[in-house]
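The values are calculated or read from the model by the stated rules, or taken from the named source; none is laboratory data. Because the structure is predicted, anything quoted here is derived from the model rather than measured. Neighbour counts run over all protein chains shown; Cβ positions are idealised from the backbone, glycine included. When the accessible area is computed, the model is the full protein with side chains, heavy atoms only, and any ligands, DNA or RNA have been set aside. Shrake-Rupley method; radii C 1.70, N 1.55, O 1.52, S 1.80 Å.
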Amino acid sequence: GLGLADVAGAQLSHLLVHDLQGRWAQGVSLSGAASAALSFSTVYGLEGADGADGVAVGEGGSLTASGLIVAEVGRHGLFSAAPNADDAVTVAYSDVFSAGAAALSNVEAGDGMIAEDPRFVDPAAGDFALQDGSPCIDTGGGICEAEPDSGDGAHACDMGHLGGTADAWPGAGGL
């Protein structure tokens, strides 16, 4: 996974972290005084003997997240060890599905949260594109432009690492 320690103001977007195993398997981990905005990313398939968190924020850290898909993780989808964590970690317009212990632990859930199978094309083969009919299509918040030559107008962005555009989520600062 990706770990940040004592890094302030990191802006992370369009990450794909999958199939991690180990004592502590964490997709994205913030420790110390790390703070970050995380958008349009996918974390899938984590297994750990002592825990597996899709996104983990240690005491003193902070995170604002949107447009995420966190699925099939062994312990928590999103976890915060911070006191008063509801102020430190917020997530919106995201899908947290099939987390072993809890989807959200000490995390403030905002608008647009779902807990449904994201319906990836073929995760066993590493294809994390969304199938037609996925609940993560057009539900990731922000406004995305239409695909070239599609004839469609602007719409809400898809969740996950293939969703969103550089300026789709204003809370992420144009990641």
Name every residue in the range 49-73 that is assigned to a strand (DSSP E or B) and open to solvent by 30 Å² or more (accessible area, probe 1.4 Å), in order of residue number.
-> Ala49, Asp50, Ser62, Thr64, Glu72
Quick one: Gly77 ticks every box in (1) within 17 Å of Ser98 (Cβ to Cβ); (2) in contact with a Ser or Thr (Cβ under 6 Å, 6 or more places away or on another chain) except a single one, so which number is it?
-> (2)
Residues of the range 136-167 being surrounded by 24 or more Cβ atoms within 10 Å (Cβ to Cβ) and modelled with pLDDT under 75, which ones?
-> Gly164
Working only within the range 99-122, note down all residues that are farther than 19 Å from His76 by Cα, touching a residue at least 12 places away in the same chain (Cβ under 8 Å) and over 16 Å from the mean Cα position of the chain (by Cα).
-> none
Just one listed residue, out of Leu46, Leu15, is surrounded by 24 or more Cβ atoms within 10 Å (Cβ to Cβ) and under 14 Å from the mean Cα position of the chain (by Cα), and it is Leu46
Out of (1) crowded, with 17+ Cβ neighbours inside 10 Å; (2) more than 13 Å from the chain's Cα centre (by Cα), the odd one out for Gly32 is which?
-> (1)
Quickly run through the range 95-119 and pick out the residues that are part of a loop (DSSP other than H, G, I, E, B), farther than 18 Å from Leu38 by Cα and open to solvent by 40 Å² or more (accessible area, probe 1.4 Å).
-> Gly100, Ala101, Ala115, Glu116, Asp117, Arg119
May I ask you to list pairs of residues, at least six apart or on different chains, whose Cβ atoms are under 7 Å apart, with the first in the range 1-24 being of a type in the set (Ser, Thr, Tyr) and the second being modelled with pLDDT of 90 or more and surrounded by 15 or more Cβ atoms within 10 Å (Cβ to Cβ)?
-> Ser13/Ser39; Ser13/Phe40; Ser13/Ser41
A careful count of residues in the range 74-94 that are assigned to a strand (DSSP E or B), at pLDDT below 90 and open to solvent by 10 Å² or more (accessible area, probe 1.4 Å) gives 3
Residue that is touching an Asp or Glu at 6+ places or on another chain (Cβ under 8 Å), surrounded by fewer than 21 Cβ atoms within 10 Å (Cβ to Cβ) and farther than 30 Å from His155 by Cβ, where the choices are Gln21, Gln26 = Gln21
